[in-house]
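Just so you know, all these numbers are worked out from the coordinates, no wet-lab data involved. All figures in this text were calculated on a predicted structure; none of them were measured in a lab. Note that we place each Cβ from the backbone using ideal geometry, even for glycine, and neighbour counts take in every protein chain shown.
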Amino acid sequence: MSKKTDSYTVREADKVRRIGIFDGEEPEFLEPEFDIPGSGGIVFKARQFLDQPFGELKPLLGDKIFDQIVEEQGYIIPEGELSTWTGTDRLKLYYFVHRHPDADFESVVLVGFGEFQPGRYMINVEGIWEIEGLDTVGEA
């Protein structure tokens with residue numbers, strides 16, 4: 001699906017709904033690079049998303065596109081100040097932006113991450129969205 005606004009276009013590249021990328025102990029997820037299968041070469045490290053909670057995408061993308069992603073991913077809006085966005089396996093949701101050097105779009109990758117059981121951490125890719133004109137989003 002693709003939607004056009006005045007300044008950018010967003011389309012769902014892959015609503016993967018949980019590709020398990022990592023399942024193991026804490027120090028093991030910090031340094032390795034993870035390759036997302038079938039993503040056209042998106043590789044990332046955990047440090048790329050750990051300081052970017054999913055809710056921070058709303059001011060970057062705007063209400064309309066953020067709400068579209070929430071709806072199409074099937075996420076439930078958190079209730080209350082202490083609640084957080086969660087994805088599959090009730091892992092906290094994060095995101096990172098992957099810039100494609102030879103393309104006219106960026107990929108917003110949605111990631112579920114957290115401690116699934118005591119001492120056992122998981123990283124799941126929840127979805128990938130392609131956005132054209134992301135650099136102009138939010139500018140006056």
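Close amide H pairs (under 5 Å, H built 1.01 Å from N) link residue 45 with 34, residues at least 5 positions away or on another chain. Taking amide H atoms as placed 1.01 Å from N in the peptide plane, the amide H of residue 21 lies under 5 Å from those of 123, 124, 125, each 5 or more residues away in sequence or on another chain.
The modelled label-to-label distance for the pair residue 117/residue 47, using points 7 Å beyond Cα in the direction of Cβ, is 3.0 nm. Relative to the current alpha-carbon distance between residue 90 and residue 22, full extension at 0.36 nm per residue lengthens the span by 22.9 nm.
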